[in-house]
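Contents: one structure, followed by commentary.
The values are calculated or read from the model by the stated rules, or taken from the named source; none is laboratory data. None of these values were measured; they are calculated from a predicted model. With ideal geometry, Cβ positions are generated from the backbone for all residues, glycine too; neighbour counts draw on all protein chains shown.
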Amino acid sequence: MNSLNRRDFLFRSACGFGGVALGWLCKEEARAAALASPYAPKPAMFPARAKRVIHICALGGVSHVDTFDYKPELERRHGQDSGRKFDTFFSQPGRLLKSPFAFRQYGASGRWVSDLLPHLAGCVDDLTFIHSMHSKSSNHTPATFLMNSGFTFNGFPSAGAWVSYGLGSENQNLPAYVVLPDPRQLPAGGSINWTNGFLPAVHQGVAFRSGERDPIPDLATPSDISPARREASVRLLEKLNAADAATHPGDSALAARIRAYELAAQMQLRVPELVELSRETAATKSAYGLDHPNAATAGFARNCLLARRLSERGVRFVQIFNGGQFGSPRINWDGHEDIVENHRKQALTMDQPVAALLRDLKQRGLLDETVVLWTTEFGRTPITQGIDGKGRDHHQHGFTIWAAGAGLKPGLAFGATDEIGYDAVENPVEFYDVHATLLRLLGVEHTKLVFRHNGVDRRLTDVHGEVIQGILA
Amino acid sequence: MKWGARMMGTLLLVISAVSACADVSTNADHWAYRPLTAPPVPLLSAGARPSVNPVDSFIAAKLAEHGLSPAPEADRRTLLRRVSFDLIGLPPTPEELRAFLTDTSTNAYERVVDRLLASPRYGERWARHWMDAAHFAETHGHDQDRIRTNAWPYRDYLIASFKDDKPYARFVREQVAGDVLFPTDPQATVALGFIAAGPWDESSLRDIREDTLDRQVARYLDRDDMLTTVMQTFASTTVQCARCHDHKFDPVSQRDYYALQAVFAGVDRANRVFDADPQVHVRRQDLMHERRRVKQNDRTLLLSAETSRAVTDWEERRAAHPVAWSTVDAQTFVSVGGATLTKQADGSLLASGTRPDRDTYTISAPSPLSTICGIRLEVLPDASLPHQGPGRNENGNFHLSEFQLLAFEPGAKAAREIPLANPSADFDQQDWGIARALDGDEKTAWGIHPREGEAHQAVFELKEPLTLTPGTMLVFVLKQLHGEGHLIGRPRLAVTDDRPPLRVLPTELAAIVALPVARRTDEQRALLAADVLNERIRQALAALPSPSLVYAAANDFEPDASLKPSGVPRIVNLLKRGEITKPMEVISPGTLSCVTALPARFELADSADEGARRAALAKWLTAKDNPLTWRSIVNRMWHHHFGWGLVDTPNDFGRMGGTPSHPELLDWLAVWFRDDAKGSFKGFHRLLVTSATYRQASVISKSVISESVKQGLPHSKALITDALVTVSLARTPELDSENRLLAHMSRVRLDAECVHDAVLQISGRLDLRIGGPSDRQFDLQPGIHVTPRVDYTKFEVDGDAGRRRSVYRFLFRTLPDPFMEALDCPAGDQLTPARNNSVTVQQALALWNNAFVARNAEHFAARLEREAQTPEARTRRAFELAFGREASAEEVAEFTGHARQYGLANCCRLLFNANEFVFVN
């Protein structure tokens, strides 16, 4: 017996219903959980501060110095040479550019926000800013993968998949990890952004197709199959499968497969009800901006409202993308050519819906048990792209993200960049640290959430990651 | 060892990682690095069932140690379905089943095995396993997921290699260094698709500036994927863990890692030229090799006596036959831009007056010759032009965007274009060479800066000699579209009937030719020799039939943006902590030091020869004394037959990997495969699938249950008291949860390809055409950036592209087919030695509602209607086809009733969803 390695026997025997690599999870519990549902909730390691996550990904690189990181020194030195070496991505470095947007302090906390984001400015007392972000890449896709999975390469499980794997879900009739892509287009790399990687397939993010009644592929029964026919088929299949299972008593895979069909049937009922917004009040819809004349804003608003409905129903991890594929015409925050034109357009799609989501969660008491995380893959240069340019290039050395909700110190500004917003100089933070902190809020120690793959104990935080104690309440 | 204890051990190892760091002397004693010797086959005690297959002796001995005995042999139906899916990936037909059931010969099963191994379907099935291991897909992945049009020949290479039972050592050598070790076999070059099979970061390796750190990082990471693929697949070693520091658990130093980086320092992933005809292949590869030597300024070649003779011959021929040019007498000459062209006494045309930004000259003339083989365009200086010309731009330059020749024959309605080839010029401006005037791209052009103020000439050959009917007018079109008045100031045209080559010599070479041979420096001799050889190579290559391309590891390929061949291998430094900003010493090529029987650093005669580096690694991998390779492959094969390997981590034999369940059997198999089977896969399959172990039933044997009861283990009670309770087999773990001891066969879910191909076969739709470009089972539209939009729902399931085996599906790395993905088909972004075997809601939804299943269920129903007459007979036929068994009387009644009420296709869809279809016993 000693020679046998049963480290992950459950993963195999229960056909991918995970849990086994969670060191703290008792075997019996794991077995019971695996048989009950692939998304069965699993116990946390520490008392969890948060039950759920809503992750808003603003793609393209949001300029920190034009949104949340106010730099008076840039105004003073506007038009001057930066005196710094920029390893710019595409262009020749230009000169320092003051923000073309007006900054003001807001709320009791007095946090600075530019006039790009008037709605979010009203929420600053609920936000926890990290102004000292640093990324390993200044190339969109690697940086986006890093933000979502902890690796610059594609094919590693995203944070949502890890959370689904580690904690399951509170709702067994919906997926544990739901993705709401930008209504304009999928991000670059498509579904790789919410991949389960080497984790069991059940933990893959389920992307909802925007604005459709059947947001999940193959969810709807083909139209030529009547409900009666479908029902009769399900019953006959159950009978056939039961007879087959009798010949193999104790085979959990057979049982799990029978259960999967039951879940599928539940999902067929629950998802259309979930995406049906007619019972939301006109005031709610309007607050989010579902009636906004800009189609991109209205579509994104719908996703924000859906995010609340998903969270409300116990979905563990909801990811909302603001921004689609890279390239031209720009449908994300990649303001190379003209920061005013680009960021105004993007802010218009994002500001009101996200602010409404925060207020709605708060009003319903959901913000106390939900972490809302807002990230972008990197910031933008404090200099122009090219001499006399109007845009800003990619910048990985210092930028801003924020979080709100359960377990965080509200109204806090953590870390800082230098006087022109170039380097993160105070309490620098990497995405590994953000992931470690996110897991900690959910009651999971990031170094112990592991999955063995090709001979390596893989983690969301690779071999890095420190919990950012300074932002925890 | 209990599972919890193992976890604890793992944690301790992590914590003490620094102190545990690579003490080679102790780690080298790890089982995987020990020399291979065949252990004796265990002698079974009296009472055990006699076995003729050594595999069974090893398995039975271990079972006996644990008080277990094997399960009985599976029935023939089960056995045939199992071995058919296993070896060819398809279910047996009812006819094959009937033949097997009625075959009374003692070797009926062995004959089935031979039939399956001889089937072309076998190669398709096992190639797909290898594609998983290599993370093969047909797009780059990353953000710019561009299509690799020429990736598929490697897939066909794999299919053929398995079909032909290529010995394993040769198979390995071909995929690492086939071009070097088997230069006369074109397929050995195609095999290099293995090294290039994984993702490639186009934006970082082709598009961004070459001087960025991102580019440098990307090169190291690109090689990291190559060496990881090679070392995990062939040697089951996680060498990539030593990129930033010495491996924390295995005896792999950072130096070993960077030595492997150096092995691949001369190759990129690119379209590589090969020829299906071996003779042509060899000829072309020799020519390309010579061209590389010329490019690298190899003086032993350029200054050799043989080359000198070739140069002398060439000079003599050239002197004896100077090209005779006849100036054409232009009759009409038009400037579209409104410039004035005036014919001069020497036959040239001088431009004056209006100087437009862009212009096109159209010049017509009768031919002075009855046959023409080439054209010369002279651009002459003139005092009236800026800086004496020959261009009209302020600096005297011009840009000829495109040059065309047309022939207007008497009586013809329109002029016809005459194809031109082999442009040459006496001087090319950097990046504005003469070839750009003939590339069909009006954005590129020929120029002569900074050599303004002097005459220049360009020569174009006709692809075929042109014989002119009397009265034919030649029409010359000179497009000059660059802008800013980059126009030719004084052109003159001439034609010749001399046969090619007509090439005009660059001025600097003409100057060398003008010198007496004795007065030429070595530098000058080399320059001239390089030109003569290049021209000779170019002509020889042009005479060969057009080549094929395979996306593979390559060191000689057409540049694409800033992706260019490295020429000599790139320098590899050891990177401190893996950081590009901390390069340490230069590392030379080599491999793992822990295989002590073999030298770890390669002694290579020529450090510039990148192929020699890969050849050395290929030889190291396939050496008889490399225990990793031989253990690795038999374990990988075992995994596919039994559900998991004797070591359950096929890509990791290190200390953090699995421990062999049957170490003696593993070694016995490795030695047997290497020495007795001579690396024959088919021999190995035959050994395993004819074993009694493989032929066991998949039900849990009574001995497992009774032994569990004896040991007071909980699961067995549950099994006995309530056999229908959905208790996991995992409840047997106290005894053997994973069935690693093989007291019975494991029941497995069909993989994605088996489901897909079985649906097609059962529906009567399977198209067995072999090979060629992949079937694109999606709607393809351009995306905003490089990655296209791919819509699988818009694919016409009934079309021809939807009927072949799934190994021929086009594999999109970042946009995989959701149906196949739901069934755990990997997307090619990670090495996948073992697939997940998951059961998910998405999978249930896909099998229930996906159009592929729905449409093929209709085809299945149509087939039943064709092949059976009564509703009951159709039900019986359906069960036969889908499950390989007869339907019970009750099932016939029930399904016939269901079909009557809801349609036969609905029944068929249901059968495709049944556990009995989706699992193999």
Next on the checklist: Can you pull out every residue in segment B:547-563 that is part of a strand (DSSP E or B) and among the acidic types (D, E)?
Outcome noted: B:D560
Checklist entry - Among the residues of segment B:790-812, how many are of a type in the set (A, V, I, L, M) and closer than 11 Å to B:H756 by Cα? => result 1
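Considering each residue of segment B:365-391, count those that are in contact with a helix residue (DSSP H, G or I) (Cβ under 7 Å, 6 or more places away or on another chain) and under 23 Å from B:E442 (Cβ atoms), and give that number.
Step one: list which residues in segment B:365-391 are in contact with a helix residue (DSSP H, G or I) (Cβ under 7 Å, 6 or more places away or on another chain), which gives B:381-382.
From what's left, under 23 Å from B:E442 (Cβ atoms): none.
Residues flagged as in contact with a helix residue (DSSP H, G or I) (Cβ under 7 Å, 6 or more places away or on another chain) and under 23 Å from B:E442 (Cβ atoms) within segment B:365-391 amount to 0.
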Checklist entry - Among (1) within 14 Å of chain A (Cβ to nearest Cβ); (2) surrounded by 24 or more Cβ atoms within 10 Å (Cβ to Cβ), where does B:Q175 come up short? => result (1)
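crowded, with 19+ Cβ neighbours inside 10 Å, of a type in the set (A, V, I, L, M, F, W, C) and closer than 30 Å to B:T238 by Cα: which single residue out of B:V853, B:V839 fits that description?
Numbers: B:V853 fails: closer than 30 Å to B:T238 by Cα.
Residue meeting the stated conditions: B:V839.
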Checklist outcome for this item: Here, strands (runs of 3 or more DSSP E) confined to segment A:366-457 with at least 3 residues that are of a type in the set (V, I, T) and assigned by TED's automatic domain parsing to the domain that holds A:G197 are A:370-376
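Taking the options B:G67, B:G89, B:G123, name whichever one is crowded, with 20+ Cβ neighbours inside 10 Å and on the phi > 0 side of the Ramachandran plot.
On the way: B:G67 fails: crowded, with 20+ Cβ neighbours inside 10 Å; B:G123 fails: on the phi > 0 side of the Ramachandran plot.
The conditions single out B:G89.
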Checklist entry - Tell me, which helices (runs of 4 or more DSSP H) lie completely within segment B:111-205 with 3 or more residues that are at pLDDT 95 or above and either in the same structural domain as B:L260 (by TED's automatic domain parsing) or touching a His at 6+ places or on another chain (Cβ under 7 Å) (or both)? => result B:168-181, B:186-190
Checklist entry - Across segment B:825-877, what is the number of residues that are farther than 30 Å from B:P650 by Cα and part of a loop (DSSP other than H, G, I, E, B)? => result 4
Checklist entry - Which of the residues that make up segment B:396-414 are among the polar types (S, T, N, Q) and at pLDDT below 95? => result none
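Being free of Cβ contacts under 8 Å to residues at least 40 places away in the same chain, over 17 Å from B:Q240 (Cβ atoms) and away from chain A (no Cβ under 14 Å), is that true of even one residue in segment B:623-633? Let's see the steps before the verdict.
The initial filter retains those residues of segment B:623-633 that are free of Cβ contacts under 8 Å to residues at least 40 places away in the same chain, namely B:623.
Then drop every residue that is not over 17 Å from B:Q240 (Cβ atoms), which leaves B:623.
If we keep only those that are away from chain A (no Cβ under 14 Å) as well, we get B:623.
Yes, the conditions are met somewhere in segment B:623-633.
β-branched (V, I, T) and part of a strand (DSSP E or B): which single residue out of B:V790, B:V797, B:V807, B:V786 fits that description?
B:V790
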Checklist entry - Quick check: is even one residue across segment A:406-424 modelled with pLDDT under 95 and closer than 22 Å to A:D351 by Cα? => result yes
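Has segment A:336-350 got at least one residue that is within 14 Å of another protein chain (Cβ to nearest Cβ) and out of contact with any His (no Cβ under 6 Å at 6 or more places or on another chain)? Talk me through it step by step, then tell me what you get.
Looking only at segment A:336-350, we keep the residues that are within 14 Å of another protein chain (Cβ to nearest Cβ), and these are A:336.
Okay, now just the ones that are also out of contact with any His (no Cβ under 6 Å at 6 or more places or on another chain), so A:336.
So far as segment A:336-350 goes, yes, one or more of its residues are within 14 Å of another protein chain (Cβ to nearest Cβ) and out of contact with any His (no Cβ under 6 Å at 6 or more places or on another chain).
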Checklist entry - For segment B:130-157, which residues satisfy the criterion of being closer than 16 Å to B:D560 by Cβ and among the hydrophobic types (A, V, I, L, M, F, W, C)? => result B:I147, B:A151
Checklist outcome for this item: Counted residues in segment B:901-920 being in contact (Cβ under 8 Å) with a residue 60 or more places away in the chain, outside any helix (DSSP H, G or I) and at the interface with another protein chain (Cβ under 8 Å from one of its Cβ atoms) come to 1
Next on the checklist: Suppose we filter B:S45, B:S84 for residues that are of a type in the set (S, T, N, Q) and either at pLDDT 90 or above or part of a helix (DSSP H, G or I) (or both); which single one remains?
Outcome noted: B:S84
Checklist entry - Can you tell me which residues in segment B:463-507 are closer than 30 Å to B:V311 by Cα and of a type in the set (S, T, N, Q)? => result B:T496, B:T507
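Can you go through A:P93, A:P157 and tell me which one is more than 24 Å from B:Q144 (Cα to Cα), in contact (Cβ under 8 Å) with a residue 60 or more places away in the chain and within 14 Å of chain B (Cβ to nearest Cβ)? Explain how you work it out, then say what you get.
Numbers: A:P157 fails: more than 24 Å from B:Q144 (Cα to Cα).
The conditions single out A:P93.
Please go through segment A:228-264 and give me each residue that is of a type in the set (G, A, S) and surrounded by 19 or more Cβ atoms within 10 Å (Cβ to Cβ), ordered by number. Even if it seems obvious, please write down each step before you answer.
Here is the first cut: in segment A:228-264, the residues of a type in the set (G, A, S) are A:228, A:232-233, A:242-243, A:245-246, A:250, A:252-253, A:255-256, A:260, A:264.
Of everything in segment A:228-264, those that are of a type in the set (G, A, S) and surrounded by 19 or more Cβ atoms within 10 Å (Cβ to Cβ) turn out to be A:S233, A:A245, A:G250, A:S252, A:A253, A:A255, A:A256, A:A260, A:A264.
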Item to check | Of all residues making up segment A:442-473, the number that are modelled with pLDDT under 90 and of a type in the set (D, E) | outcome: 2
Item to check | Selection from segment B:426-449 of residues that are over 39 Å from the mean Cα position of the chain (by Cα) and either modelled with pLDDT under 95 or within 21 Å of B:T360 (Cα to Cα) (or both) | outcome: B:G447, B:I448, B:H449
Checklist outcome for this item: By residue number, the members of segment A:196-241 that are more than 8 Å from chain B (Cβ to nearest Cβ), outside any loop (DSSP other than H, G, I, E, B) and in contact (Cβ under 8 Å) with a residue 12 or more places away in the chain are A:H203, A:A207, A:V234, A:E238
Next on the checklist: Checking B:L604 against (1) surrounded by 18 or more Cβ atoms within 10 Å (Cβ to Cβ); (2) over 26 Å from the mean Cα position of the chain (by Cα); (3) not polar (S, T, N, Q), only one condition comes out false. Which one?
Outcome noted: (1)
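Which members of segment A:120-154 meet the condition of being without any contact (Cβ under 8 Å) to a residue 40 or more places away in the chain and among the hydrophobic types (A, V, I, L, M, F, W, C)? If you could, list the steps in order and put the result at the bottom.
Within segment A:120-154, the subset without any contact (Cβ under 8 Å) to a residue 40 or more places away in the chain is A:121, A:142, A:152-153.
Answer for segment A:120-154, where residues must be without any contact (Cβ under 8 Å) to a residue 40 or more places away in the chain and among the hydrophobic types (A, V, I, L, M, F, W, C): A:A121, A:F153.
Quick grid of which residues meet (1) in contact (Cβ under 8 Å) with a residue 12 or more places away in the chain; (2) touching a Leu at 6+ places or on another chain (Cβ under 6 Å); (3) assigned by TED's automatic domain parsing to the domain that holds B:L380; (4) surrounded by 20 or more Cβ atoms within 10 Å (Cβ to Cβ):
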residue	(1), (2), (3), (4)
B:M473	yes, no, yes, no
B:K479	yes, no, yes, yes
B:G483	yes, no, yes, no
B:T507	yes, no, no, no
B:R519	no, no, no, no
B:A540	yes, yes, no, no
B:V550	yes, no, no, yes
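Could you go through segment A:438-446 and let me know if any residue there is within 14 Å of chain B (Cβ to nearest Cβ) and within 28 Å of A:D393 (Cα to Cα). Even if it seems obvious, please write down each step before you answer.
Initial filter on segment A:438-446 (within 14 Å of chain B (Cβ to nearest Cβ)): A:445-446.
So of that shortlist, the ones also within 28 Å of A:D393 (Cα to Cα) come out as none.
No: segment A:438-446 contains no residue that is within 14 Å of chain B (Cβ to nearest Cβ) and within 28 Å of A:D393 (Cα to Cα).
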